[in-house]
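The values are calculated or read from the model by the stated rules, or taken from the named source; none is laboratory data. Small disclaimer: the values here were computed from a predicted structure and weren't measured. Cβ coordinates were reconstructed from backbone atoms using ideal geometry, including for glycine residues, and neighbour counts include every protein chain displayed. Note: accessible area is taken over every heavy atom of the protein model, side chains too, but ligands, DNA and RNA are not part of it. Shrake-Rupley method; radii C 1.70, N 1.55, O 1.52, S 1.80 Å.
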Amino acid sequence: MAVLGSLTYHAGDYVTAYGLLQEGARGLPDDPVVLRDLAWSAYSQGQVDDARKAMQQLSKAAPASPLIEEATSFLDLTALSQSAGNLAASD
């Protein structure tokens, strides 16, 4: 499922990819590529919390992965946007 999910994600079908990658991540919970693609497919649908969880899991599961820089940047940027959203909501 993970490979099919990644292929589907890269083909631009984020909705289908998200379901496949969720299932794939259950079978390969420490695979950084699966977690990265899962995060981006979730983010592509506006599911920021799910995307952040997948990137956090990637960071914990594979700290030496070449994808760690991408995960760190993603988490930093989405944290900033969530903080800005919370400030705007409190006006």
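In table form, for the structure just shown:
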read-out	value
Neighbourhood charge, 15 Å Cβ-Cβ cut-off, centred on M55 and excluding it, Lys, Arg +1 and Asp, Glu -1	-4
Accessible solvent surface per residue of the chain, calculated while the other protein chains remain in place, 1.4 angstrom probe, Å²	58
Dmax and Rg, reported as Rg then Dmax, of region 20-67 (C-alpha, Å)	9.6, 28
Percent carbon-and-sulfur accessible area, the chain, ignoring ligands, DNA and RNA, probe 1.4 Å	58
Total formal charge among the other residues, if their Cβ is under 12 angstrom from that of L77, Lys/Arg +1 and Asp/Glu -1	-1
Rounded to whole Hz, the Karplus (6.51, -1.76, 1.60) HN-Hα couplings of region 9-16, x for glycine and proline	4, 5, 7, x, 9, 5, 5, 5
Counted charge near Y18, where neighbours are those whose Cβ lies closer than 14 Å (Asp, Glu -1; Lys, Arg +1)	-2
Mean residue ellipticity (222 nm) of the chain, computed from DSSP H runs ≥ 4 via -39,500 (n - 2.57), nearest 500	-25500 deg cm²/dmol
Distance histogram in 5 Å bins (all Cα pairs of the chain, percent per bin)	3, 17, 25, 22, 17, 8, 5, 3, 1
